[in-house]
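Following: one structure in structure tokens, then a few remarks.
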Amino acid sequence: MTRSTIRTKRWTRLEYERLIDLGAFQPGDRVELVGGDLMVCEPQGTPHMTGIRMAEEVLRQVFADGWEVRTQAPVALDDESEPEPDVVVAPGSLRDYRHAHPAQPVLLVEVAEASLESDREHKGSIYARARVPEYWIINLVDNLLEVYRDPIADPDAPFGWRYGSTSRLGARDFVSPLAAPQVRVAVADLLP
């Protein structure tokens, strides 16, 4: 019996954007480009959407003028990744991104339940590879905030990078974003 290998197509960000322009995806299709692969996003239940809105509300207060806080919008991380994190914090204003998605976010946030392992391993590795300085996972499974910092090369990570520092914070804890170290955010304000 012969074994055949399955060949897959790796997509570039430009090819992915062309597919979007051509209408290859239907309205409401939840697809994103991560490391050259098209990934289907998890469905959003009430706790997921509540977590997104809570994080957005808190981060808009923390990052006011001079910062763009957006939800479920693309970031152009590299030639083969254009994920749509649940919350993005990038320098500048909305008008700065009229012609291109943010490419250098200072903080990305994912709200995770079914996608928890993928968000930790795959998205964490992609975000570290893009040198995003800080990545938060609002972990709905364990009701806590996971904070990832200090991207480092790691040949064993899915995309060759991972975060060197990881903290798990509960509802009674506080976190200060690297880009706003003077602010203390109550983790309870981020947890649905």
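GNM, the chain, Cα, under 10 Å: largest mean-square fluctuation among Gly35, Gly45, Gly170?
Gly45
On a 0 to 90° scale, report how tilted helix 46-62 is relative to the longest principal axis of the chain, with both axes built from alpha carbons and the result rounded to the nearest 10.
Between the helix axis and the principal axis of the chain, the angle is about 60 degrees.
Which net charge results when you count Lys and Arg as +1 and Asp and Glu as -1 among the other residues whose beta-carbon is under 10 Å from that of Thr166?
+2
So who's got an amide H within less than 5 Å of the one on Val183, skipping anything under 5 residues away but keeping other chains? H placed 1.01 Å off N, in plane.
Residues meeting the criterion, in which the H sits 1.01 Å from N, do not exist here.
Assuming 0.36 nm per residue, please report the length gained on full extension of the stretch Asp65 to Arg98 beyond their Cα-Cα distance.
So the extension gain works out to 10.2 nm.
Name the long-range amide H neighbours of Asp78: under 5 Å, sequence gap of 5 or more, or other chain; modelled H, no Pro or chain starts.
The list, which skips near neighbours in sequence, is empty: none.
Please give the FRET efficiency for Arg172 paired with Arg53, using the beta carbon to beta carbon distance and R0 = 22 Å, rounded to the nearest 0.05.
Between Arg172 and Arg53 the formula returns 0.50.
Given H placed 1.01 Å from N in the peptide plane, which residues other than close sequence neighbours of Asp154 have an amide H under 5 Å from its amide H?
Amide H neighbours of Asp154, under 5 Å, 5+ apart: Trp161, Arg162.
Connecting C-alpha atoms closer than 10 Å in a GNM of the chain, tell me which of Pro105, Pro181, Pro85 has the biggest fluctuation.
Of Pro105, Pro181, Pro85, the most mobile in the Gaussian network model is Pro181.
Please state the relative contact order of region 47-143 as a whole percent: Cα pairs under 8 Å, 6+ residues apart?
25 percent
How many angstrom lie between the C-alpha centres of region 156-188 and region 1-74?
Each part's Cα centre sits 21 Å from the other's.
What's the extension gain from Glu121 to Ala153 if we count 0.36 nm per residue and subtract their Cα-Cα distance?
Length difference between fully extended and current span is 10.1 nm.
Between Pro47, Pro102, Pro177, find the one with the highest GNM mean-square fluctuation for the chain; connect C-alpha pairs within less than 10 Å.
Maximum fluctuation in the GNM of the chain, among the listed residues, is at Pro47.
Taking every pair of alpha-carbon atoms in region 17-132, what share in percent sits in each 10 Å bin, from 0 to the bin with the longest distance?
Result returned by the calculation: 13, 45, 37, 5.
For region 1-143, what does the accessible surface come to per residue with a 1.4 Å probe? Please give it in Å².
55 Å²
According to the square roots a ≥ b ≥ c of the eigenvalues of the Cα gyration tensor, what is the shape class of region 46-192, taking rounded for a/c under 1.5, prolate for a/b larger than b/c otherwise, and oblate for the remainder?
rounded
In the chain, if the dipole is taken from +1 on Lys/Arg beta carbons and -1 on Asp/Glu beta carbons about the Cα centre, which of Gly36, Val106, Pro47 is farthest to the positive end?
Gly36
Using θ = phi - 60° and the Karplus curve 6.51 cos²θ - 1.76 cosθ + 1.60, what whole-Hz ³J(HN,Hα) does each residue of region 100-105 get, with Gly and Pro shown as x?
Each residue of region 100-105 in turn: 7, 5, x, 10, 9, x Hz.
Express the carbon and sulfur contribution to the solvent-accessible surface of the chain as a percent, rounded to the nearest whole number, probe 1.4 angstrom.
50 percent
Calculated from DSSP H runs of 4 or more alone, at -39500 (n - 2.57) each and per residue, what is the 222 nm mean residue ellipticity of the chain, nearest 500?
Taking each H run of at least 4 residues, the total per residue is -5000 deg cm²/dmol.
Restricting to Cα pairs below 8 Å that are 6+ residues apart, what does the relative contact order work out to for the chain? Please round to a whole percent.
Relative contact order comes out at 16 percent.
The values are calculated or read from the model by the stated rules, or taken from the named source; none is laboratory data. Computed from a prediction, not measured in an experiment: that's the story for all the values here. Every residue, glycine as well, gets a Cβ built from its backbone with ideal geometry; the counts of neighbours run over all protein chains shown. All accessible areas refer to the heavy atoms of the entire protein, side chains included, with ligands and DNA or RNA removed. Shrake-Rupley method; radii C 1.70, N 1.55, O 1.52, S 1.80 Å.
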